[in-house]
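Let me begin by presenting the structure, written as structure tokens, before commenting on it.
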Amino acid sequence: MKASELLTALTLPQKKQTYQGIARFEEQKLLPITQIRQENQGLVFCSITGQAPLAMKDLLTILMTHRRLSLYLETKNGTQPIYGFKEQGNQIIL
């Protein structure tokens, strides 16, 4: 998935709602995305314990700035490409 695709989904939601955050599942737990870093291959979404969740304003700014980059998710086994997302309440789940 490219940053531009996620940006489009966030700015033009299917339902008339605004998203409050972005998170991911790991070991049956919902963890908020706290940081996005740029690496050679694209943008890597990270969940770091003890840090505040990434604000949607900051997420949108990063996605707008790096529209052409691919998206990846940091896991215990390295980085994994992000192929899609789902909506859960007012959150986006990677």
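Would you confirm, using the coordinates I've provided, whether Tyr19 is under 16 Å from Ile93 (Cα atoms) and at pLDDT 95 or above?
Considered against the rule, which asks whether it is under 16 Å from Ile93 (Cα atoms) and at pLDDT 95 or above, Tyr19 comes out as no.
Could you grab me the full set of residues in segment 1-36 that are closer than 15 Å to Thr75 by Cα and in contact (Cβ under 8 Å) with a residue 24 or more places away in the chain?
Within segment 1-36, Ala23, Arg24, Phe25, Glu26, Leu30, Ile33, Ile36 qualify.
What are the pairs with Cβ atoms under 9 angstrom where one residue, in segment 37-50, is part of a loop (DSSP other than H, G, I, E, B) and the other, located anywhere, is charged (D, E, K, R)? Sequence gap at least six, or different chains.
What qualifies is Ser47/Arg24; Ser47/Glu26; Ser47/Glu74.
Looking only at segment 1-36, which residues are part of a helix (DSSP H, G or I) and more than 12 Å from Leu69 (Cβ to Cβ)?
Of everything in segment 1-36, those that are part of a helix (DSSP H, G or I) and more than 12 Å from Leu69 (Cβ to Cβ) turn out to be Thr8, Ala9, Leu10, Thr11.
In segment 1-57, which residue that is of a type in the set (Phe, Trp, Tyr) and open to solvent by less than 30 Å² (accessible area, probe 1.4 Å) is farthest from Pro81 (Cα to Cα)?
Of everything passing the filter in segment 1-57, Tyr19 is farthest from Pro81 (Cα to Cα).
Go through segment 69-90 and count every residue that is in contact with a strand residue (DSSP E or B) (Cβ under 7 Å, 6 or more places away or on another chain) and either part of a loop (DSSP other than H, G, I, E, B) or open to solvent by 50 Å² or more (accessible area, probe 1.4 Å) (or both).
8
The values are calculated or read from the model by the stated rules, or taken from the named source; none is laboratory data. Everything numeric in this text was worked out from a predicted model, so none of it was measured. All Cβ positions, glycine included, derive from the backbone under ideal geometry; neighbour counts span all protein chains shown. The protein model used for the area step is the full one, side chains on, heavy atoms only, and it has no ligands, DNA or RNA in it. Shrake-Rupley method; radii C 1.70, N 1.55, O 1.52, S 1.80 Å.
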